[in-house]
Amino acid sequence: MKTPATDWLARAAELPTEPGVYLMRDQGGKVVYVGKAKSLRQRVKSYFQPGTSDYRAFIGVLGSILGELETIVTRSEKEALLLERELIRTHEPRFNVVWRDDKQFLCLRIDTQHEFPRVEVVRRMGKDGARYFGPFHSATSARQTLRVLNRHFQLRTCRDSVLSNRTRPCLEYQIGRCPAPCVLEIERASYMKGVDDAIMFLEGKRPELVSRLEKRMWAAAEGQEYEVAARVRDQIRAVDRTLERQDIAMASMRDQDAIGLHREGLDLCIAVLEIRGGRVESVHTHLFAEQPVSDSEVLESFLLQSYASREDVPNEVLVPIDLEGAEPLSELLTERRGMKVEVKRPQRGERVRILELAEENARHAFHEKQRRIGAHEATLEGLKKKLELRRVPHTIECYDISNLQGSLVVGSGVAFEDGMPMKARYRRYRIRSTSGQDDFASIYEVISRRLKRGPETLPDLIIIDGGKGQLNAAKAAMRDAGVELDLVSLAKSRVLEQDDKKPGATRSPERVFLLNAKDPIVLPQTSKEVLLLARIRDEAHRFAITFQQDLRQRQALRSGLEEIPGIGAVRRRALLTHLGSLKRVREATLDDLRAVPGMGPAAAEAVHAFFHGVSRT
């Protein structure tokens, strides 16, 4: 069935703004086009905009053949480029230009088993025992790195055939860039020091490499080998100047599956990011509804069922949480694969970044699939019924006030449409009506200024972060402006009691205050309605805190210690005298500040809060 372009345009508006790859499938499920984008939302929308300037032949027939649209979020445009190419090679879409020459992106190869290894440029990683670095996203980047290696690490540049047949040293030896193992007696152990240095350079291990070179430089200087010391000094400068982490795909040849998990209430989504040969090949997402069990139980059950029927078990399965059954699951997969398989939760490094990417894809797939099955509509209908609203709140705005001990009072407003943020309608407010901590006056000012923007942009529902007092202040602003809207306030849960013998704390539920109702209503805390309200409220709070931190940093740059509440000239002098500099004051802990003569507990907390972003709402 043909889907109108307006429907596809509406669906494109729900896509993330991050870079990534999109796959267009026909109504039979076959991939017909793969593309990359700096912003998935803007790129896909361009296909269905009226009067599009894209005149490729297939654009006009997309509406009649397109049956499904999938997206994969990546960390950068370069990663999107690599993934696009791999997906084109895999699916050979009819509307893509398929590269049939089977070329690969450039890699750097070092065969450490060779007597005198060299660094060479190749287009394919092989399982031959050599070390591979890449693939690099551009030939320029790969060859520039190679030039640095050849200039500063004293490795041969000639091929094996030349190495075996040369009778006298080449120009590289004459200019001091090669020890000439082709014709001179060179100890392999000495030559391999340069190889090890080059490998550390390519791995981005700057501190270790610089420390190693500095020891070598000082040893040469103490031995009065000043030319050697100078050459090593130049190496250190080259490392400091040029050693930046290359934006490459995973350099490891290990096959990996990264599992991303996103949960909202009882519903969750699992994304499996498949990495083969160091590159992302595909993402599979699975939506599970009404799962009252823990994330650990769901994930273990999913892995057992998923890999029970699969033949391509990878070397590693990366999971986002600790699994009690990780060890027996590893043994089971090892038996199935015939080689060792690890199921583990990484703590640092590239594997953690891959997991973050998998979780981002799980989050996007969750919201996309929920939208398709009408879950957001059901949640909004639930809000209308439970909060006794006039209409279904398709557009919701939330307002929050934040201050730092009565100063830097700011307000924020965020907008959501059908459960998704509309960042173009976010607003920040500098409070003008009061210079102190008066949340009620601040809310009145923010809502009044918001309502002056015009009735054509008013939302279906306004949420106030706070309790009954904040709600009444917003109600007064609406009454004075002559506007009637659905209005509620959401009070955060708070700690009711804390038992030192128990790790957890008893908290109050999230409470919703309604107009003309004395007591708040308490909805089920795992209900989709409460989760949506809390998500919108938390976004307004985050936006306010971010604005406040920006203002605080700007003021700190202008006036140093002068803007800290309660810190006068005497205490400023004491801080600088005792700690030595403004930088050390910024970095000081609360205990360090309390130890400054003349600083009481309240003053120390004020200084610490000012520099470390502890704000009070």
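The values are calculated or read from the model by the stated rules, or taken from the named source; none is laboratory data. Given the structure is predicted, the values throughout are model-derived calculations rather than measurements. Cβ: placed from backbone, ideal geometry, glycine included. Neighbour counts: every protein chain shown.
List of remarks:
- Every residue from the stretch 342-373 that is modelled with pLDDT of 85 or more and in contact with a Cys (Cβ under 7 Å, 6 or more places away or on another chain): ALA362, PHE366
- Taking each residue of the stretch 250-270 that is over 17 Å from GLU79 (Cα atoms) and part of a strand (DSSP E or B) and looking for partners that are of a type in the set (Lys, Arg) and modelled with pLDDT under 90 with beta-carbon atoms closer than 6 Å, six or more apart or interchain, yields HIS262/ARG363.
- Count of the stretch 372-389 residues, restricted to those that are under 27 Å from GLU18 (Cβ atoms), of a type outside the set (Gly, Ala, Ser) and crowded, with 17+ Cβ neighbours inside 10 Å, is 3.
Table: residues versus (1) surrounded by fewer than 21 Cβ atoms within 10 Å (Cβ to Cβ); (2) farther than 13 Å from GLN256 by Cα; (3) without any contact (Cβ under 8 Å) to a residue 40 or more places away in the chain.
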position	(1), (2), (3)
ASN315	yes, no, no
VAL319	no, no, no
GLY325	yes, yes, yes
GLU331	yes, yes, yes
VAL341	no, no, yes
ARG345	yes, no, yes
GLY349	yes, yes, yes
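- A single entry from TYR47, TYR33, TYR22 fulfils the requirement of being at pLDDT 90 or above and hydroxyl-bearing (Ser, Thr, Tyr): TYR22.
- Inter-residue pairs, beta-carbon under 9 Å, first without any contact (Cβ under 8 Å) to a residue 40 or more places away in the chain and more than 13 Å from ASP439 (Cα to Cα) and in the stretch 462-477, second assigned to a helix (DSSP H, G or I) and β-branched (Val, Ile, Thr), 6+ apart: ALA476/ILE447; ALA477/ILE443; ALA477/VAL446; ALA477/ILE447
- Residue in the stretch 348-357 that is more than 30 Å from ASP460 (Cβ to Cβ) and not in a helix (DSSP H, G or I) present: yes
- Identity of the residue in the stretch 128-139, surrounded by fewer than 20 Cβ atoms within 10 Å (Cβ to Cβ) and either aliphatic (A, V, I, L, M) or within 27 Å of the chain's Cα centre (by Cα) (or both), that ends up modelled with the highest pLDDT: ALA130
- The number of residues in the stretch 460-483 being part of a helix (DSSP H, G or I), under 22 Å from HIS394 (Cα atoms) and over 37 Å from the mean Cα position of the chain (by Cα) comes to 2.
- Qualifying residue in the stretch 202-220 (condition: surrounded by 13 or more Cβ atoms within 10 Å (Cβ to Cβ), part of a helix (DSSP H, G or I) and in contact with a strand residue (DSSP E or B) (Cβ under 9 Å, 6 or more places away or on another chain)): yes
- Qualifying position, being aliphatic (A, V, I, L, M) and either within 20 Å of ALA476 (Cβ to Cβ) or surrounded by fewer than 18 Cβ atoms within 10 Å (Cβ to Cβ) (or both), among VAL392, VAL410, VAL414: VAL392
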